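Below you'll find the structure, written out as structure tokens, and then a few comments.
Every number in this text was worked out from the coordinates using simple rules, so none of it is lab data. These figures come from a predicted structure and were not determined experimentally. Don't worry about glycine lacking a Cβ; one is built from the backbone with ideal geometry, like all the others, and counts go over all protein chains shown.
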Amino acid sequence: MDDFLTALFDHGEPMEIDAGAYLFHAGDPVRFVHLVETGGIHLERTQISGQVMCFQRALPGDILAEASIYAAAYHCDAKVIEPARLRKLRFGRLMEMLEADPETSTAWAAHLARTVQTTRLLAEIRGLKTVEQRLDAWIDHNGALPAKGHWQTVAQELAVTPEALYREIARRRSAR
């Protein structure tokens, strides 16, 4: 984690939240910024088709929905996937700290730029035509598949059904 994030969130309030719970919902006003210390949280949006798309997989060291501080309301639901410990920092306090320290403000801007790069990569992966191509690109970026219990998460990130991902994984194993 970046040192500037540690310094910023030293001022945050610790909180714990159980798996399956929601930290916030689309449409809720933005009041806090959250740093994930342990666990995992997804920013999700349910499409008209009923498919749930994951727009961020926030893991330890990640800030959840950081771009939301520039919006009046959240655009996604924040679902806790693994029991999580967070630090929540009031939106106004974060803005005060960014305005008071140009170095921290520059580090924050660089952090947001990296987030945009990651989001663009995910959009590029989702634009590939086949599950095989999407999974290849995802593995190329992430190194390897997570443990079996987390494959549904990968399916959401790839915007494919879990069943389609499982078939592709099985095909790869049988081809070995």
Contact order normalised by residue count of segment 98-176, Cα under 8 Å, 6+ apart, percent: 23 percent
Whole-Å distance, taken between Cα centres, linking segment 95-161 and segment 23-75: 13 Å
Whichever aspartates and glutamates have a C-alpha closer than 17 Å to that of Lys129, once near sequence neighbours (fewer than 8 apart) are set aside: Asp140, Glu157, Glu163, Glu168
Separation in nanometres of the label points that stand 7 Å from Cα toward Cβ, at His11 and Arg31: 1.9 nm
Distance between modelled label sites at Trp151 and His111, nm, 7 Å Cα→Cβ extension: 3.5 nm
Per residue convex hull volume, Cα atoms of the chain, in Å³: 120 Å³
Relative compactness, segment 54-142, computed as alpha-carbon Rg over 2.2 N^0.38 Å: 1.29
Value at 222 nm in deg cm²/dmol, rounded to 500, when DSSP H runs of n ≥ 4 in the chain each add -39,500 (n - 2.57): -13500 deg cm²/dmol
Inverse mean reciprocal Cα-Cα distance (Kirkwood Rh) of segment 3-101, Å: 13.7 Å
Segment Arg85-Tyr22, extension gain: residue separation times 0.36 nm, minus the distance between their alpha carbons: 21.4 nm
Contour excess over end-to-end distance, with Cα ends at Glu103 and Leu128 and 0.36 nm allotted per residue: 5.2 nm
Cleavage-rule hits, trypsin sites (Lys or Arg not before Pro), segment 1-98, DSSP coil, Cβ neighbours within 10 Å at most 13: Arg31
